[in-house]
Structures are given as C-alpha cells and as structure tokens.
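The values are calculated or read from the model by the stated rules, or taken from the named source; none is laboratory data. Remember, it's a predicted structure, so these values are computed and weren't measured experimentally. Note that each Cβ is placed from the backbone with ideal geometry, even for glycine, and that neighbours are counted across all protein chains shown. Surface areas here come from the heavy atoms of the whole protein model, side chains and all, with no ligands, DNA or RNA. Shrake-Rupley method; radii C 1.70, N 1.55, O 1.52, S 1.80 Å.
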Amino acid sequence: MVEKSVVILHTEEGIYYQLDGVGTRVWELLAEPISLEALVTALVGEFEVEEDRCSADAEALLQELLERRMVRRVGATR
C-alpha cells in the first residue's frame, strides 16, 4: 500500500510542511468544516487506533496548525 502525503506551502513564512499518513487524511477532512469529535470518529473508522489516542493526537496536530495559522476555527468556539 502506498502511503499518501501532502505538502503545504505556508506562504506567510515561506516554509513547506509535509503531512504523511493520518496527517494527510486529517488535512483532507479539514477541507470542509468539521468538529474534533467528527474528525476523530472518521479517523477511528479508517485507521487502527484507539479513540483516546486518536483524539489526543488529532488535537495536538490541530493546535499546531492553528498556532501556525494554517487552519482557523469556524462556527462555535471552544
């Protein structure tokens, strides 16, 4: 099985970021607004991962993307 990856250019910083495997799938799912809960549910259904671990990892990735201003929150705030 060939693992997909995505390369993202952060235009403000002029830096490239690469996401592999699950990170690529997270990026795909973020194409439309999605809650953390729905994101985790989708990932748990597609990958062999425990829900608690998936939630913690997804939240950490999303926090990093938010801090780097590569994604933004929409809708309800947490």
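Please say if the chain is rounded, prolate or oblate, where rounded means a/c under 1.5 for a ≥ b ≥ c the square roots of the C-alpha gyration tensor eigenvalues, and otherwise the choice is prolate for a/b larger than b/c and oblate otherwise? Cα axes put the chain in the oblate bin. Projecting the Cα atoms of His10, Ala38, Ala60 onto the charge dipole of the chain, computed from C-beta unit charges around the Cα centre, puts His10 farthest toward the positive end.
Length gained on full extension, Phe47 to Leu66, computed as 0.36 nm times the residue gap minus the Cα-Cα distance: 4.5 nm.
Mean sequence separation of contacting Cα pairs (under 8 Å, at least six apart), scaled by the length of the chain, corresponds to a relative contact order of 20 percent.
Residues in the chain average 76 Å² of solvent-accessible surface per residue, probe 1.4 Å, ligands and nucleic acids excluded. For the chain, carbon and sulfur atoms together expose 50% of the accessible surface, with a 1.4 angstrom probe and every protein chain in place.
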